[in-house]
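Working notes, structure below.
The values are calculated or read from the model by the stated rules, or taken from the named source; none is laboratory data. Remember, it's a predicted structure, so these values are computed and weren't measured experimentally. Note that each Cβ is placed from the backbone with ideal geometry, even for glycine, and that neighbours are counted across all protein chains shown.
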Amino acid sequence: MKKYANPARFNRLATKLIPWLAWPAGLCISLGIFLGLFNSPPDYQQGETVRIMYIHVPSAWMALFIYTTMSIACASGLVWKHPLAHISARAAAPIGACFTFLCLLTGSLWGKPMWGAWWVWDARLTSVLILFFLYLGFIALHHAFDDPARGERSAAVLAIVGIINVPIIKFSVDWWNTLHQPASVLKLSGPEIHSTMLYPLLIMATGFMLYFSVILILRMRTLMLERRIRIMRINNIYQTATTEKN
Amino acid sequence: MTRKRRRFYFLISCMITLCIAAALVLTAIEDKITFFYSPTDLVLKKNMPRAQQIRIGGLVKRDSWKKPFNGLTHKFIITDLQYDILVSFKGIIPDIFREGQGVVVLGRLTENGVFQASEVLAKHDERYMPPEVADALKQSGKWEGNKVKQ
């Protein structure tokens, strides 16, 4: 693992990996959309509105997954000072924020016809909204300091503290009375969702996961280049300053 | 002890403190977090807020829903299979509202024991299946009220 924490080695590996991730991602998402929209049955209660689930549920899983990986990356960045840890967390944050937003948006569109409300302040919805604000806060903190290293550390502390929200989101529907229904797929007694609906959902989730890996690698490469440009610029200014002096 | 190790233990102890703090806070404000009370809570709990509006959740009792002939006032009974609450609601109800369905209503209990609702939300359960499967379950007798027999 430590071997790949080296930026140059990471770059070489990333170039090789991208096509192997990007093509399956496109394939899974198009197949998932086709199955979800055209080749899966309507629900006995929700009718066609159930199709929103094929976007909503994978987005929610990604929102939680990305936040968890981000926190772990930040923790290892603070403790072991891995050179890529903070960069990967910074690269992941906007992707996670987008998935959280997608989850909130599709949930709202589903909520109006099914529940009768765009939004309610129950434990599940509120905790996911907090997750969205945690992502935004993380991104904002990164930009709040002139010295990127200080921004990195403050944002990392926020990400680590915010991890407490992840189990709260997951178990909110079991701990408290909520309007949001309990888990259908990830539960101990097995999925409560018919296989004809489960397969498109899992294919979509795989597609989202692959898509996330592609965007993460691309963003990490860009951020590393950005850092190198910054260092080169600083060196440049320093050199011109010293030559002028002589 | 190396500096890395010391930082690691510091992080772990911070996380443990954070978890305890969060658990204490969430237990303390449990009543505020809950989205709705059950009819049993409304009947048995002494400190239920009477002045402000509250939410009650439960199943719509079978054969209790009186659809309005004229006007828009719906009357139905919400039950948690222990206590029943008669609800009166004037307005448009959600699409998936039906008898046996989980619902959450917002309103307050009037003096004559009727719960005057100003908002009705349908609560969806965690089961997803095609209509044919639901029919087959009903025919084979594995369908019980709002739950599938395990």
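Numbers for the structure displayed
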{"read-out": "Filtered residues of region A:79-95 (kept if surrounded by 21 or more Cβ atoms within 10 Å (Cβ to Cβ) and out of contact with any Phe, Trp or Tyr (no Cβ under 7 Å at 6 or more places or on another chain))", "value": "A:Ala85, A:His86, A:Ile87, A:Ser88, A:Ala89, A:Arg90, A:Ala91, A:Ala92"}
{"read-out": "All positions within region B:43-74 that are within 14 Å of another protein chain (Cβ to nearest Cβ) and within 13 Å of B:Leu106 (Cα to Cα)", "value": "B:Gln53, B:Ile54, B:Arg55, B:Ile56, B:Gly57, B:Gly58"}
{"read-out": "In region B:109-129, the residues that are facing chain A (nearest Cβ under 7 Å), in a loop (DSSP other than H, G, I, E, B) and charged (D, E, K, R)", "value": "B:Asp125, B:Glu126, B:Arg127"}
{"read-out": "Among (1) closer than 19 Å to A:Gly107 by Cα; (2) surrounded by fewer than 14 Cβ atoms within 10 Å (Cβ to Cβ) - the single one A:Ser59 does not satisfy", "value": "(2)"}
{"read-out": "Output for region A:132-158, where each listed residue is closer than 17 Å to A:Arg227 by Cα and β-branched (Val, Ile, Thr)", "value": "A:Ile139"}
{"read-out": "Only listed residue being under 30 Å from A:Trp80 (Cα atoms) and hydroxyl-bearing (Ser, Thr, Tyr), chosen from B:Thr40, B:Thr17", "value": "B:Thr17"}
{"read-out": "Test for A:Val57: is it at the interface with chain B (Cβ under 9 Å from one of its Cβ atoms) and touching a residue at least 40 places away in the same chain (Cβ under 8 Å)", "value": "no"}
{"read-out": "Pairs, first within 18 Å of A:Asp122 (Cβ to Cβ) in region B:17-34, second among the polar types (S, T, N, Q) and loosely packed, with under 10 Cβ neighbours inside 10 Å, C-beta under 9 Å, six or more apart", "value": "B:Asp31/B:Asn47"}
{"read-out": "Any hit, region A:122-142, residues being more than 13 Å from A:Tyr67 (Cα to Cα), in contact with a helix residue (DSSP H, G or I) (Cβ under 6 Å, 6 or more places away or on another chain) and more than 14 Å from chain B (Cβ to nearest Cβ)", "value": "yes"}
{"read-out": "A:Pro182 part of a helix (DSSP H, G or I) and surrounded by fewer than 18 Cβ atoms within 10 Å (Cβ to Cβ)", "value": "no"}
{"read-out": "Single unsatisfied condition, A:Ile160 versus (1) part of a helix (DSSP H, G or I); (2) away from chain B (no Cβ under 12 Å); (3) closer than 30 Å to A:Pro83 by Cα", "value": "(2)"}
{"read-out": "Any hit, region A:115-129, residues being in contact with a Cys (Cβ under 7 Å, 6 or more places away or on another chain), of a type outside the set (Gly, Ala, Ser), closer than 24 Å to A:Asn177 by Cβ and in a helix (DSSP H, G or I)", "value": "yes"}
{"read-out": "Selection status of B:Lys46, assigned to a loop (DSSP other than H, G, I, E, B), surrounded by fewer than 10 Cβ atoms within 10 Å (Cβ to Cβ) and not hydrophobic (A, V, I, L, M, F, W, C)", "value": "yes"}
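For (1) surrounded by fewer than 18 Cβ atoms within 10 Å (Cβ to Cβ); (2) at negative phi, each residue gets a yes or a no:
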{"site": "A:Ala97", "(1), (2)": "no, yes"}
{"site": "A:Thr100", "(1), (2)": "no, yes"}
{"site": "A:Thr106", "(1), (2)": "no, yes"}
{"site": "A:Gly116", "(1), (2)": "no, no"}
{"site": "A:Ala123", "(1), (2)": "no, yes"}
{"site": "A:Ser127", "(1), (2)": "no, yes"}
{"site": "A:Phe133", "(1), (2)": "yes, yes"}
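Rundown of residues vs (1) touching a Gly at 6+ places or on another chain (Cβ under 8 Å); (2) part of a helix (DSSP H, G or I); (3) modelled with pLDDT under 95; (4) over 20 Å from A:Pro182 (Cβ atoms), yes/no style:
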site	(1), (2), (3), (4)
A:Thr69	no, yes, no, yes
A:Pro83	no, no, yes, yes
A:Cys103	no, yes, no, no
A:Gly111	no, yes, yes, no
A:Phe145	yes, no, yes, yes
A:Ala149	no, yes, yes, yes
A:Glu152	yes, yes, yes, yes
